Amino acid sequence: MDYEAKLDRALELVPELGGSDERLSVPEPTTQKDGAFTRLTNLKELADALSREEEHLHREIQSELGTAGQLGEGRSRYNGTFSASDFQSAVDSYIQEFVRCSECGLPDTRLVTEDGTMMLRCEACGAFRPVTKRTAQKSQQQSTEISEGDTLEVEITDTGRKGDGVAKRGDYTMFVSGASEGETVQVRVNNISGNLVFADKV
């Protein structure tokens, strides 16, 4: 067998690395508004499509959105108002970090823990790499911006459904009891829930 024939034979044995999108069919996130919360009603379907644990996907979505949440049976709930596109971005980030191989681009991977480090191993090409905690770091940085008991000066830009003044500070939405739209006031932070802050005018 000459060189060209051997090369052709070798190429036939190499797995097809293209068409990765065809091998990863993920449903679009479906959401439902629930007062001050947003539900992700098809978390289980998303996790099953990605071959990942519901709890792990839920935890990383929380970190990406920068909020707290609760995991139920096949669905989850997050503090704050989020759109389907917000959840889609969070799922896309999850796929990039925890599902798709950075070498061949295929989703044929699994998460394993080696020497205390979470690794992403590809069963298609054999590549492996540690996964990072960039989203968790992002959430931690956000949560340290405002703390309970802080006194802050904010501009009230809107009025909430219950008549509270509403202010924005970074990624946080702040509800200020006793404040009116158009005011710039000093407030004391009473409670923080994800990216929602509840405060009193002082």
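Please compute P(r) over all alpha-carbon pairs of the range 145-201, binned at 10 Å starting from zero, and give each bin as a whole-number percent.
Per 10 Å bin, starting at zero, the Cα-Cα P(r) for the range 145-201 comes out as 29, 63, 8 percent.
Students often get this wrong: which residues of the range 65-92 have the backbone nitrogen under 17 Å from the point 7 angstrom along Cα-to-C-beta of Lys33?
78-87
Percentage of Cα-Cα pair distances in the range 61-202 greater than 24 Å, rounded to whole percent?
47
For the range 23-140, what's the radius of gyration and Dmax over Cα atoms, in angstrom?
14.3, 46
Based on the Cβ-Cβ distance of Glu153 and Met119, what FRET efficiency does E = 1/(1 + (r/R0)^6) give at R0 = 35 Å, to the nearest 0.05?
0.15
Laboratory data are not the source of any read-out in this text; all were calculated from the coordinates shown. For clarity, every value in this text was computed on a predicted model and none was experimentally measured. Methodologically, a virtual Cβ is constructed for each residue, glycine included, from the backbone with ideal geometry; neighbour enumeration extends over all protein chains shown.
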